[in-house]
Amino acid sequence: MAKVGVPKEILDNEYRVAVTPAGVSAFKADGHTVYIQSSAGQGSGISDQEYQEAGAKILPDAASVFGEADLILKVKEPQPQEVKMLRKGQVLFTYLHLAAHAKLTHDLCKTGSTCIAYETVQMDNGSLPLLTPMSEIAGRLATQIGANYLERPMGGRGVLLGGVPGVEPGEVIIIGGGIVGTNAAKTAVGLGARVTIFDRSLERLRYLDDVFAGQVRTVFSIGHYLDNLLPSADLVIGAVLIPGKQAPRIVTSDMVRKMKKGSVIVDVSVDQGGCIETIRATTHSAPIYEWEGVVHYGVSNIPGAVPWTSTRALTNATLPYALKLAKFGYEATQDDPSLNRGVNIHQGKIVHQGVAEAVGTPVTA
């Protein structure tokens with residue numbers, strides 16, 4: 001039976017945790033031992049006592065958890081001090097986003113551990129079951145955050161997205177019509193904004209047109225049309241995703257220069273490098289910066305702002321896969337094609353095509 005370890009997240013203002021007490025109970029029912037770092041769940045409203053009552057063993061620090069466990073469950077990519085604690089044969093299951101982190105990728109290879117990324121676990125139909133719940137949250141928050149930073153005291157133009165009778169609403173442009181884009185649009189429409197969604201899939205645009213029943217404008221492709229519409233935008237949301245790969249740069253710096261002063265960019269794809277040329281990763285403690293008068297928000301762990309919701313949504317999705325890994329170890333990936341697609345690094349080698357291309361290293365079969 002496996003030893004499962006859950007350390008406390010240490011990324012800036014990251015309050016999520018990889019397992020709930022219900023998850024601990026499920027591991028215990030299968031005969032596994034679960035080690036939780038003390039206060040790991042505090043930010044998500046889960047006490048050490050709740051974990052203990054579910055059957056977990058509480059350890060004082062991350063080193064103790066990494067030292068005991070065969071399977072490490074996390075939420076965000078390991079930070080440098082955590083990488084040093086990984087060892088050969090250990091399995092790490094977490095969000096990795098390695099396409100945007102070449103140094104981390106190579107450092108993880110040196111550990112000899114197997115690194116499985118939530119965001120590249122992919123079903124045969126192309127859906128991403130472990131990314132979806134966080135994309136739903138990030139999309140909804142992106143509009144909420146953008147609306148907040150449009151307020152004048154926050155550095156924005158002073159625009160109320162929904163407008164009021166007699167005053168036109170704000171203009172929201174969403175680049176990418178996937179899960180993030182769809183949820184961003186739901187919130188924007190709910191606020192009363194005018195919403196335009198860009199996507200390169202006509203099939204997806206037909207779906208969105210049907211779902212929103214004419215409440216959003218759908219535009220095929222990017223390029224010329226996006227260049228023409230961006231100057232009218234109050235809020236631009238980047239929501240482009242190519243699983244495992246670095247996000248393509250859709251919006252150039254020249255396009256950003258044409259935007260209105262005090263308009264806002266929220267690039268949710270920043271964890272994969274970002275789809276807007278002027279974006280850079282920021283943190284919850286220092287979330288924004290201005291470039292040519294445009295407010296940029298580049299926090300790479302947006303759902304971490306609502307940990308009570310996001311922890312529970314995430315673990316609902318990850319638990320079935322985590323139970324398989326606890327029971328069968330790396331071999332679980334050989335019997336489950338979707339889980340197999342989640343393997344980014346194994347025995348010191350990059351085995352995911354998208355990651356290998358992004359970091360400039362040949363993939364190893």
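The values are calculated or read from the model by the stated rules, or taken from the named source; none is laboratory data. Because the structure is a prediction, the values reported are computed rather than measured. Note that we place each Cβ from the backbone using ideal geometry, even for glycine, and neighbour counts take in every protein chain shown. Heads up: the accessible areas ignore ligands, DNA and RNA and are worked out on the full protein's heavy atoms, side chains in. Shrake-Rupley method; radii C 1.70, N 1.55, O 1.52, S 1.80 Å.
Sorting Ser201, Ser135 by solvent-accessible area of protein heavy atoms yields Ser201, Ser135, largest first, with a 1.4 Å probe. Fully extending the segment from His106 to Ile242, taken as 0.36 nm per residue of separation minus the present Cα-Cα distance, adds 46.8 nm. Oblate is the label for segment 1-75. Its Cα gyration tensor axes, ordered a ≥ b ≥ c, give a/c of at least 1.5 and b/c at or above a/b.
Between the beta carbons of Gln81 and Met123, assuming R0 = 56 Å, the FRET efficiency works out to 0.95 to the nearest 0.05.
Determine the shape class of segment 299-365: with a ≥ b ≥ c the square roots of the Cα gyration tensor eigenvalues, call it rounded for a/c under 1.5, and otherwise prolate if a/b is greater than b/c, oblate otherwise. The shape class here is oblate.
Taking the Kirkwood radius as Rh and the Cα radius of gyration as Rg, segment 1-127 has a ratio of Rg/Rh equal to 0.96. Counted by Cβ distance under 15 Å from Asp30, the other residues give a net charge of +3, where Lys and Arg count +1 and Asp and Glu count -1.
Heavy-atom surface analysis with a 1.4 Å probe gives segment 310-365 a carbon and sulfur content of 51 percent of its accessible area. So what is the 222 nm mean residue ellipticity for the chain from helices alone, if each DSSP H run of at least 4 adds -39500 (n - 2.57) and you divide by all residues, rounding to the nearest 500 deg cm²/dmol? That calculation yields -10000 deg cm²/dmol at 222 nm. With an a/c value of 1.5 or above and a/b larger than b/c for the gyration tensor axes a ≥ b ≥ c computed over the alpha-carbon atoms, segment 233-323 is described as prolate. Nonpolar atom fraction for segment 21-112, defined as the carbon and sulfur part of the 1.4 Å probe accessible area, stands at 49 percent.
If only the Cβ of Lys and Arg carry +1 and only the Cβ of Asp and Glu carry -1, the dipole of the chain around its Cα centre is close to 280 debye. The simple Förster model, with R0 at 22 Å and r as the Cβ-Cβ distance, assigns Asn13 and Ser47 a FRET efficiency of 0.65. Helix 102-111 and the long axis of the chain differ in direction by around 10°, with both axes built from C-alpha atoms. Candidate cross-link partners of Lys327 among the lysines, defined by an alpha-carbon separation under 29 Å and a same-chain spacing of 8 or more, comprise Lys3, Lys8, Lys28, Lys57, Lys74, Lys76, Lys84, Lys88, Lys110, Lys349. Label reach from Asp30 (point 7 Å along Cα→C-beta): in segment 301-328, amide nitrogens under 19 Å belong to 312-328. Spin-label model, Ala281/Trp308: points 7 Å from Cα along the beta carbon direction are separated by 2.9 nm.
Label zone of Gln353 (point 7 Å out along Cα→Cβ, amide N under 18 Å): in segment 95-115 this covers 98-99.
Separation of segment 326-364 and segment 120-187, taken as the distance between their Cα centroids, equals 31 angstrom. In the chain, the longest principal axis of the Cα atoms and the axis of helix 202-212 are about 80 degrees apart.
Note that the chain presents 41 Å² accessible area per residue, ligands and nucleic acids not counted, probe 1.4 Å. Would you tally the net charge around Gln272, using a Cβ to Cβ cut-off of less than 13 Å, leaving Gln272 out, and scoring K and R as +1, D and E as -1? Neighbour charge sum, excluding Gln272 itself: -3.
Relative to its residue count, the chain spans a Cα convex hull of 137 Å³ per residue. In the elastic network of the chain, a GNM with C-alpha springs shorter than 10 Å, the most mobile of Val355, Val34, Val306 is Val306. Note on the chain: with a GNM built from Cα contacts shorter than 10 Å, the maximum mean-square fluctuation among Gly214, Gly177, Gly262 falls on Gly214. Relative to the longest principal axis of the Cα atoms of the chain, the long axis of helix 132-149 lies at roughly 40 degrees.
Placing Tyr225, Tyr321, Tyr51 in order of accessible area, with the largest value first and a 1.4 Å probe, yields Tyr225, Tyr321, Tyr51.
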